[in-house]
Amino acid sequence: QKEVEQDPGPLSVPEGAIVSLNCTYSNSAFQYFMWYRQYSRKGPELLMYTYSSGNKEDGRFTAQVDKSSKYISLFIRDSQPSDSATYLCAMNANSGYSTLTFGKGTMLLVS
Amino acid sequence: NAGVTQTPKFQVLKTGQSMTLQCAQDMNHNSMYWYRQDPGMGLRLIYYSASEGTTDKGEVPNGYNVSRLNKREFSLRLESAAPSQTSVYFCASSVTKGNTEAFFGQGTRLTVV
C-alpha cells in the first residue's frame, strides 16, 4: 500500500461547480498536509497547507483534514476554467525534519 | 524575482550519454531537492540536500548523482543515461528540509533514446 493514495482523474466539471479532491494516507505520523497546484508544463506551487486536523479556508478553497480517518480533502467553490490543473496532495510528519510525501495528483478540468 | 531556475528546459540524450541538470535558487533557502515526475507515478524524490554540504538519497536515487555546489546551486548528473530515465525533472527548494512550502522550478523534459 502506498503511503498516500490519490485518484488520478481526470475529473471534469462544469464552470461554477463545487469540486472535491481527496487523498487518503496510511502513515499516522503525518501532521502537516498540503495541496499543491500544477498547471500543464509548469512546476507545482503551494496552494494551501493545514496542520493536524480541522478546516482551513482561503477564498474559494477549503482544505479539510480528518486524521481519525486518514483522509484529506480540498474543496473548490464556484470553479473556474483557470482552476483546470493537476492538484497534488503532500504531507509530512515533522516539518523541518522529514521530506514531503506527495500523492500522484488529480487532474481537474473545468469547462 | 527568479525563484528556482533550471537548465536546460529540454534535452534529448542517446542511451549511455551523460549530462548534468543545473538548478539555482535565489531565495536563500537551505534545502534543495531533485524530483522526477512520470505519468501515473507522481513526484518521486531522487536526492535532496538538507543544507549546504550535505546530500541524501531519496526514493529513487539509482543512476543519479548530485552535487550541492554552494547554497544556491544543486546539480543532478546522469552518468550513463537509460531510456528508463526519460522523465520530467523538477528541482525545488525550501527554507528547511521538509518545510511545508517548497518552491519548484519549471522542469526539464528529458528524453533518452
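The values are calculated or read from the model by the stated rules, or taken from the named source; none is laboratory data. Treat the numbers as computed from the prediction; the structure is a model and nothing was measured. No Cβ is skipped: glycine too gets one built from the backbone with ideal geometry, and neighbour counts run over all protein chains shown. Calculation scope for accessible area: heavy atoms of the full protein, side chains included, ligands and nucleic acids excluded. Shrake-Rupley method; radii C 1.70, N 1.55, O 1.52, S 1.80 Å.
Residues checked against (1) part of a strand (DSSP E or B); (2) within 14 Å of B:MET27 (Cα to Cα); (3) among the hydroxyl-bearing types (Ser, Thr, Tyr):
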{"residue": "B:THR54", "(1), (2), (3)": "no, no, yes"}
{"residue": "B:ASN62", "(1), (2), (3)": "no, no, no"}
{"residue": "B:ARG77", "(1), (2), (3)": "yes, no, no"}
{"residue": "B:SER84", "(1), (2), (3)": "no, no, yes"}
{"residue": "B:GLY98", "(1), (2), (3)": "no, no, no"}
{"residue": "B:LEU110", "(1), (2), (3)": "yes, no, no"}
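Taking residues in segment B:57-77 that are within 19 Å of B:GLY105 (Cβ to Cβ), and partners anywhere that are of a type in the set (Val, Ile, Thr), the pairs with Cβ atoms closer than 6 Å and at least 6 places apart or on different chains are B:GLY58/B:ILE46; B:VAL60/B:ILE46; B:TYR64/B:ILE46; B:VAL66/B:THR55; B:ARG68/B:THR55; B:SER75/B:THR20; B:LEU76/B:VAL66; B:ARG77/B:THR20. Give the residue that is farthest from the other protein chains (Cβ to nearest Cβ), with candidates limited to residues of segment B:47-56 that are over 13 Å from the mean Cα position of the chain (by Cα) and at negative phi. Filtering segment B:47-56 for residues that are over 13 Å from the mean Cα position of the chain (by Cα) and at negative phi, the one farthest from the other protein chains (Cβ to nearest Cβ) comes out as B:GLU52. Considering segment B:81-113, and only residues there that are among the small types (Gly, Ala, Ser) and under 22 Å from B:GLN17 (Cβ atoms), the residue that is most open to solvent (accessible area, probe 1.4 Å) turns out to be B:SER84. Of everything in segment A:91-102 that's in a strand (DSSP E or B) and more than 8 Å from chain B (Cβ to nearest Cβ), which residue is surrounded by the most Cβ atoms within 10 Å (Cβ to Cβ)? Restricting to residues being in a strand (DSSP E or B) and more than 8 Å from chain B (Cβ to nearest Cβ), the top hit is A:MET91.
Any residue in segment B:57-65 that is out of contact with any His (no Cβ under 9 Å at 6 or more places or on another chain), more than 14 Å from chain A (Cβ to nearest Cβ), closer than 19 Å to B:THR7 by Cα and open to solvent by less than 50 Å² (accessible area, probe 1.4 Å)? It would help to see each step written out before you state the result.
Kept after step one, since they are out of contact with any His (no Cβ under 9 Å at 6 or more places or on another chain), are these residues of segment B:57-65: B:57-65.
Okay, now just the ones that are also more than 14 Å from chain A (Cβ to nearest Cβ), so B:62-65.
Right, trim to closer than 19 Å to B:THR7 by Cα and you get B:64-65.
Filter again for open to solvent by less than 50 Å² (accessible area, probe 1.4 Å), leaving B:64.
Scanning segment B:57-65, I find at least one residue that is out of contact with any His (no Cβ under 9 Å at 6 or more places or on another chain), more than 14 Å from chain A (Cβ to nearest Cβ), closer than 19 Å to B:THR7 by Cα and open to solvent by less than 50 Å² (accessible area, probe 1.4 Å), so the answer is yes.
Please pick out the residue among A:THR86, A:THR62, A:THR50 that is modelled with pLDDT of 95 or more, in a strand (DSSP E or B) and within 11 Å of chain B (Cβ to nearest Cβ).
Numbers: A:THR62 fails: within 11 Å of chain B (Cβ to nearest Cβ); A:THR50 fails: modelled with pLDDT of 95 or more.
Exactly one residue qualifies, and that residue is A:THR86.
Results for (1) hydroxyl-bearing (Ser, Thr, Tyr); (2) under 20 Å from A:PRO44 (Cβ atoms), shown as yes or no for each residue.
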site: B:THR7; (1), (2): yes, yes
site: B:THR15; (1), (2): yes, no
site: B:SER18; (1), (2): yes, no
site: B:ASP26; (1), (2): no, yes
site: B:HIS29; (1), (2): no, yes
site: B:PRO39; (1), (2): no, yes
site: B:THR55; (1), (2): yes, no
site: B:GLU59; (1), (2): no, yes
site: B:ASN65; (1), (2): no, no
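Residue-wise test of (1) among the charged types (D, E, K, R); (2) under 17 Å from B:THR55 (Cβ atoms); (3) at pLDDT below 95.
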| site | (1), (2), (3) |
| --- | --- |
| B:PHE74 | no, yes, no |
| B:SER84 | no, no, no |
| B:VAL95 | no, no, yes |
| B:GLU101 | yes, no, yes |
| B:PHE104 | no, no, no |
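Scanning segment B:6-46 for residues that are within 11 Å of the chain's Cα centre (by Cα) and open to solvent by 60 Å² or more (accessible area, probe 1.4 Å) yields a count of 2.
One residue stands out in segment A:25-47 among those that are more than 19 Å from A:SER98 (Cα to Cα), open to solvent by 50 Å² or more (accessible area, probe 1.4 Å) and touching a residue at least 40 places away in the same chain (Cβ under 8 Å): the one that is nearest to the chain's Cα centre (by Cα), namely A:TYR39.
Looking across segment A:6-22, just one residue is within 14 Å of chain B (Cβ to nearest Cβ) and over 14 Å from the mean Cα position of the chain (by Cα), and that is A:PRO10.
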